[in-house]
Amino acid sequence: MKIACMAFNILGLNHKTAPVALREKVAFSEDRLAAALRALRQESGVAEAVILSTCNRTELYWSGSATPQDVSQWLERHHGNNVNLTASLYVHQERLAVEHAFNVASGLDSMVLGEAQILGQLKDAYRIAQETGSTGPWLNKLFQSAFSAAKRVRSETRIGANAVSLASAAVSLTRRVYSDLSAHSALMIGAGEMIGLTARHFASAGVKRMVIANRTLARAQAVAAQIKGYAVDLGALDQELAAADIVVSCTASPLPIVTQASASAAVRARRHRPILMIDLAVPRDIDPAIADLDDVYLFSIDDLQQLVDENRQRREAAAGDARAMLDEEVARFLAESRAHDAGPAIRALRDGAEAIRRQTVDQAKRMLASGKTSDEVIDYLANTLTNRLLHATTQALRHASESAEPDLAQALTRLLAEERGRQ
């Protein structure tokens, strides 16, 4: 269904349609986004514009008469990479554009289903567009409604309730043992990407004291700086094991770094206060025999992967509820937009009717003043108002019936019949 004057358009590529080698060529850095928006707005037919650029997608939202081909050519010219994007681009317009925007905001189009980060990224893109002056009434309404729909999805479904990455699953598992993470300390063994990500998750979850232990102290210090933690080399491992309530390890060591003997010594030093250990390494960093020790809870990467798989299935189930909810939100948005679009026509119709009323009443007063009877004046008023008020409507009906728009005539006839039925 076409929505007059709305002209919602989205052109983009994402992790589903393009490899990272292509996505990075059309990415927009935040410090250059405002300039790109101003350049896009200068293109003929682009009345409003927002650019969303993340590691997984680049999308151009615009309102106006510019065609997808116009905007695609601008995107290629702007980046000057001499690449043909045609095979990787998707285009959504009108209703499909509204549906896509709502799905993106709610995390239903993300690589990680239901992830919340995209909503913040979309809000940042919209904020920058507002500050640049490239938004207007149509995109303002679209983005504000998309944010409201995403908020409803998050509050009324469990789309984001279950951890679906190893790092977030580690935090989720830890909460089952320690309800208040701020009262506990964590030891991260290793300094690679997985440990860095996991450390950030634990820091965000409220763990106050975090130690990064690594064979190379400088690398441990680099990770620790990101989370305001402490760094030690592996020579201090036994001491830190005794102090840690939570231990997460992920190194490339071919042999276990945490042995049964060192774990037993740590438990004794802790006077049997429990330790949660999570081994994300392959080969394993933590001796599997440690699972036999009292007061130690040991989980492997397979245990976490099973939790992630179960949670992913739960998210898929929640996504069904979320999609049904978004269908309602899209329908409401389109109905409100159509009503808003009809506003000028309704006002013009009422203004015209009011002018006819005034003109006819003035004539009726002159008739009374000239000596016409009240019955004659009443007949004149009734007949003249009926004819004048219905003239434009009957002409439009006749034109629609004679042209290639019979559906319009049938719809108007049906509406008039329903109105009579209510009277």
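The values are calculated or read from the model by the stated rules, or taken from the named source; none is laboratory data. Computed from a predicted structure; not experimentally measured. Here Cβ is always computed from backbone atoms with ideal geometry, including for glycine, and neighbour counts include all displayed protein chains. Remember, those area values only see protein heavy atoms, side chains included, never the ligands or the DNA or RNA. Shrake-Rupley method; radii C 1.70, N 1.55, O 1.52, S 1.80 Å.
Helix-derived [θ] at 222 nm for the chain: sum -39500 (n - 2.57) over DSSP H runs of at least 4, divide by residue count, nearest 500? It would help to have the intermediate numbers written out before the result.
Working: 14 runs with 242 residues, N = 423.
Taking each H run of at least 4 residues, the total per residue is -19000 deg cm²/dmol.
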- prompt: Going by the alpha-carbon gyration tensor, a ≥ b ≥ c the square roots of its eigenvalues, is region 1-86 rounded (a/c under 1.5) or, if a/c is not under 1.5, prolate (a/b greater than b/c) versus oblate?
  reply: prolate
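Which of the three applies to region 232-305, rounded, prolate or oblate, going by the alpha-carbon gyration tensor with a ≥ b ≥ c and a/c under 1.5 meaning rounded? If you can, show how the numbers build up before the last one.
Numbers: a/c = 1.78, a/b = 1.25, b/c = 1.42.
Oblate is the answer for region 232-305, as a/c is 1.5 or above yet b/c matches or exceeds a/b.
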- line: Regression test value, accessible area per residue of the chain, probe 1.4 Å, units Å², expected 53 Å²
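Using a 1.4 Å probe over the heavy atoms of the protein chains, calculate the carbon and sulfur portion of the accessible area of region 280-385 as a whole percent. Mind dumping the intermediate values first?
Values: 3400 of 6600 Å².
Its accessible area is 51 percent carbon and sulfur atoms.
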Centre separation in Å (Cα based) which lies between region 256-324 and region 235-255: 14 Å
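Assuming 0.36 nm per residue, please report the length gained on full extension of the stretch A269 to K123 beyond their Cα-Cα distance.
Result for the pair: 47.6 nm of gain on full extension.
Counting alpha carbon pairs within less than 8 Å and at least 6 residues apart, what relative contact order, in whole percent, applies to region 104-194? Intermediate results must be reported in sequence, preceding the final value.
Details: 44 pairs, mean separation 22.6, N = 91.
Once normalised by length, the contact order is 25 percent.
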- request: Take each of the peptides 7-14, 250-257, 106-113, average the number of other beta-carbon atoms within 10 Å over its residues, and list them starting from the highest.
  value: 7-14, 106-113, 250-257
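About the Cα centre, and with charges only on the beta carbon of Lys, Arg (+1) and Asp, Glu (-1), how big is the dipole of region 274-379? Nearest 20 debye, please.
The dipole of region 274-379 has a size of about 1720 debye.
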- prompt: Count of lysine pairs in the chain with Cα atoms under 27 Å apart, counting only pairs 8 or more residues apart in sequence or on different chains?
  reply: 9
message: Kirkwood Rh and Cα-based Rg: tell me the resulting Rg over Rh for region 28-133, rounded to two decimals.
response: 0.94
query: For region 141-160 and region 363-387, what is the separation of their C-alpha centers, rounded to whole Å?
result: 59 Å
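Lys and Arg at +1, Asp and Glu at -1: add these up for the other residues within a Cβ distance under 15 Å of L33 and post the number. Present the calculation step by step, with values, prior to reporting the outcome.
Numbers: positive: R32, R38, R41, R57, K123, R127; negative: E30, D31, E59, D124, E131.
Overall, the nearby charge balance is +1.
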message: Ranking request for peptides 42-51, 195-204, 328-337: highest mean number of other beta-carbon atoms within 10 Å first, then the rest in descending order.
response: 195-204, 42-51, 328-337
- prompt: What does the convex hull of the alpha-carbon atoms of the chain project to on average, in nm²?
  reply: 31.2 nm²
query: Any idea what the relative contact order of the chain is, in percent, if you count C-alpha pairs under 8 Å spaced at least 6 apart?
result: 12 percent
message: What do you get for the angle between helix 95-105 and the principal long axis of the chain? Use alpha-carbon atoms, 0 to 90 degrees, nearest ten.
response: 30 degrees
message: Which of rounded, prolate or oblate describes region 175-303 when judged by the alpha-carbon gyration tensor and an a/c cut-off of 1.5?
response: rounded
